[in-house]
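Report on the following structure.
Coordinate-derived values only; no laboratory data. Only a predicted model underlies this, so the values are computations on that prediction, with no experimental measurement involved. Here the Cβ positions follow ideal geometry from the backbone for every residue, glycine too, while neighbour counts run over all protein chains shown.
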Amino acid sequence: SIPLGYFGGIGAASAHGILFKGSNFLDLITKLNTVVMDKTGTLTKGVFKVQKIESNVDEKEFLNFLTAVEAKSTHPIAKAIVDYAGEKEIHPAENIEEIAGMGLEGTVNGKEILAGNVKLLQKFNIDYDAKIVDIEESIVVVAVDGKYAGYVLIADEIKEDAAEAIKLLHTNGVKQVVMLSGDKSSIVRKVAGVLGIDTFYGDLLPEEKVAKLEEIKKDKTRVVAFVGDGINDTPVLAISDIGMAMGAMGSDAAIETADVVIQTDQPSKIATAIRIGKATRNVVI
Ligand code: ADP
Ligand code: MG
């Protein structure tokens with residue numbers, strides 16, 4: 001049972017690994033009718049594994065260039081590549097720039113390296129093998145000195161409680177669940193199908209996620225939560241009525257910006273938070 005009052009509510013939530021940064025959010029969450037979610041790291045584990053390498057240059061060199069630039073990134077994709085490379089010596093990368101929603105640019109051993117998605121190659125006007133567009137899995141494409149050099153296939157997994165999490169939202173007053181992702185639309189559609197999410201958008205740049213959320217918020221009857229792991233998601237966390245961050249995998253900036261932090265990384269805890277809010281309100285009123 002839940003002890004009296006908002007302090008009790010905050011305490012009960014914290015016992016479930018849910019941190020509310022203020023009792024006002026405990027109240028507001030009971031009115032939640034729209035939940036907007038990120039995919040990678042929120043509904044999927046965000047733990048990628050390298051499955052296959054396809055390169056048209058020397059494979060060792062290809063991996064060396066790719067690992068060197070990814071070693072400078074905190075993205076879950078970068079971690080997969082660095083883990084795959086293991087302990088081996090890599091050239092240091094210089095002048096690294098993270099291009100939001102696309103990938104990385106940098107210099108390795110005097111060569112100009114690009115590593116990211118197809119959008120990144122398009123941005124730099126690089127010709128690529130047309131068949132890579134049809135690959136229905138996540139890939140990191142690489143260009144060396146302005147030439148397409150190949151790709152790495154990587155895979156992520158849906159979290160164990162993700163499908164249950166969506167069901168629980170629907171049985172706890174949430175009318176609409178929306179998934180926004182920077183990942184490829186084909187993958188986003190697949191994940192949405194498995195989880196029973198009927199509104200989803202893929203291939204979004206960070207600023208397009210903000211625009212989508214603003215569009216959703218235009219309907220003033222909505223009380224909107226955004227749930228993300230925070231890598232590139234701080235702006236959407238900030239403008240939602242309730243910003244919720246996954247705490248264990250999430251970035252420090254996201255945890256700082258969020259109103260509610262789910263320390264266990266389980267999306268089913270969103271519904272737990274709603275239930276605790278409702279139980280608290282019943283006690284307070
Ligand atoms: P999401 O979390 O919704 O997938 P992000 O904005 O974090 O959105 O990433 C969008 C896409 O940008 C990724 O799916 C990937 O294709 C590309 N990307 C981002 N960072 C990197 C990186 N360090 N290395 C390779 N690709 C990246
Ligand atoms: Mg993300």
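With both residues required to sit in the chain, DSSP beta bridges show an antiparallel share near 65%. Residues L43, L205, L104, ranked from the fewest to the most other C-beta atoms within 10 Å, line up as L205, L104, L43.
Going from the fewest other Cβ atoms within 10 Å to the most, the residues M102, M246 appear in the order M102, M246. Other residues with beta-carbon under 11 Å from the beta-carbon of A271 carry, at +1 per Lys or Arg and -1 per Asp or Glu, a net charge of +2.
Extending 7 Å from the Cα toward the beta-carbon at both D219 and A253 defines two label points whose distance is 3.0 nm.
Could you give log10 I(q)/I(0) at q = 0.12 Å⁻¹ for the stretch 58-217, computed by the Debye formula over C-alpha point scatterers of equal weight, without solvent? Relative scattering, expressed as log10 I(q)/I(0), comes to -0.60. Towards the positive end of the charge dipole of the chain, with charges on Cβ (+1 Lys, Arg; -1 Asp, Glu), say which of I96, Y201, I274 has the farthest Cα. Looking along the dipole axis, the top candidate is I274.
Here the chain is treated with +1 on each Lys and Arg Cβ and -1 on each Asp and Glu Cβ, and its dipole about the Cα centre works out to around 1420 debye.
Sites counted here are trypsin sites (Lys or Arg not before Pro) in a DSSP loop (not H, G, I, E or B) having no more than 11 other Cβ atoms within 10 Å; the longest part of the chain that contains none of them is 89-217. The Kirkwood radius of the chain, taken over pairs of alpha-carbon atoms, gives through the Stokes-Einstein law at 10 °C and 1.306 mPa s a diffusion coefficient of 80 µm² s⁻¹. Once both axes come from the Cα atoms, what is the angle between helix 269-284 and the longest principal axis of the chain, in degrees from 0 to 90, rounded to 10? That helix lies at roughly 20 degrees to the long axis. Once the Cα atoms are used to define both axes, helix 5-15 deviates from the longest principal axis of the chain by about 40 degrees.
A simple count of charges around V260, restricted to other residues whose Cβ falls under 12 Å of its Cβ and scoring Lys, Arg +1 and Asp, Glu -1, yields 0. Rounded to the nearest 10 degrees, the angle from helix 206-217 to the longest Cα principal axis of the chain is 30 degrees. Computed on the Cα atoms alone, the convex hull of the stretch 139-240 gives a volume of 119 cubic angstrom per residue. Distance between the 7 Å Cα→Cβ label points at T74 and T171: 3.7 nm.
Taking label positions 7 Å along the Cα-Cβ direction at both E61 and V194, the computed distance is 3.7 nm, reported to one decimal.
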